[in-house]
Amino acid sequence: MKGIQIIFLSLALALSLTACDSSKSATTNKGTTTETSTTATNRSSQPELAGDFTIEELDAKYPGMEKAYLAGGCFWCTEASLDRIQGVADVWSGYAGGPETNPTYRQVASGQTEQAEAIVVYYDPAVIDYSTILDVFFVAHDPTQLNRQGPDVGTQYRSAIFPLNDTQRQLAEAKIKALNESGKFDKPIATTIEDPIKFWVAEGYHQDYYEDDSNPNWGYVTNVSKPKVEKVKKVFRDILKPEFR
């Protein structure tokens, strides 16, 4: 009898542990479903999962669109900011600027790679140009902070532009030069211009993170991301998508 009780207790304990270790399935607006921890208390506590898409698969989703690779600290902030601008078809969070292959969020956030948190912006060149994309980018974060954005510190949070061709590179160089000469900022622009090497799409639970107030890190979004997004909405009110005015 005691042996049967032990078996039942063991089964009950196993089921309990499985339930405690289970995670919540989160479906983003981009149609991806991944798992995120229900007990996460900060960004680095998210589970280590591979991205749902390759950049080549994303490129195929947006025929006729041009794209830009940008890094401005937390990608939740820059993704949401650019996503509100007319002519932007979509924005995806990811990693760029390092030689490592298929990096995870945990690796990048902890500084184990040379990658930065970055975004890929797909935009319609008939509606908006690369120069305007850069204008929004420089408002969506502080480009004078070296290897940090607010509470996020490290090269993984650097301000960087990854030109995809000579035209983009020349426009980026000219934009940085003009900003430095304008006196708009008290400190020089720290934004680097780097070869893109390869863009890796971030895990599904990072996509459209700003839009879901049920996320475990909503306090971070409210205190850090939202002020940046609201600033972009104020400065670029004339070119916001109608649903965000």
antiparallel share of DSSP beta bridges within the stretch 50-244, to nearest 5, in %, is 90 percent
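Can you order the peptides 87-93, 179-185 by their average number of other Cβ atoms within 10 Å per residue, highest first? Can you show the working numbers first?
Numbers: 87-93: 22.1, 179-185: 11.7.
Those peptides, ordered most packed to least, come out 87-93, 179-185.
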Among 149-157, 56-64, 186-194, 71-79, how do they line up by average Cβ neighbours within 10 Å per residue, starting with the highest?
71-79, 149-157, 186-194, 56-64
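Starting from the Cα-Cα distance between ILE193 and GLU243, subtract it from 0.36 nm times their residue separation and give me the gain in nm to one decimal. If you can, show how the numbers build up before the last one.
Working: separation 50, 0.36 × 50 = 18.00 nm, distance 3.28 nm.
Taking ILE193 through GLU243 to full extension adds about 14.7 nm, to one decimal.
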Between ASN180 and THR222, how high is the FRET efficiency from 1/(1 + (r/R0)^6) when r is the Cβ-Cβ distance and R₀ = 35 Å? Nearest 0.05.
0.60
The long-range amide H neighbours of ILE85, using H built 1.01 Å from N in the peptide plane and a cut-off of under 5 Å, are LYS241
Per the stretch 73-142, sqrt(5λ) over the Cα gyration tensor eigenvalues, sorted largest first, in Å, gives 25, 12, 10
Amide H proximity to ILE193 below 5 Å, modelled H, separation 5+ or other chain, gives ILE161
Report the label-to-label distance for THR54 and THR144 in nanometres (one decimal), using points 7 Å from each Cα along the Cα→Cβ vector.
4.3 nm
Sites SER110 and VAL235 - FRET efficiency at Förster radius 41 Å, r taken between beta-carbons, to 0.05:
0.80
Cα centroid separation - the stretch 187-245 against the stretch 77-127, whole Å:
10 Å
The alpha-carbon pair-distance distribution computed for the stretch 124-245, with 10 angstrom bins and whole-percent values, is 11, 35, 41, 13, 0
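Laboratory data are not the source of any read-out in this text; all were calculated from the coordinates shown. On a predicted model such as this, the values are computed, not experimentally measured, just so you know. In this analysis, Cβ positions are derived from the backbone assuming ideal geometry, glycine residues included, and neighbour counts consider all displayed protein chains.
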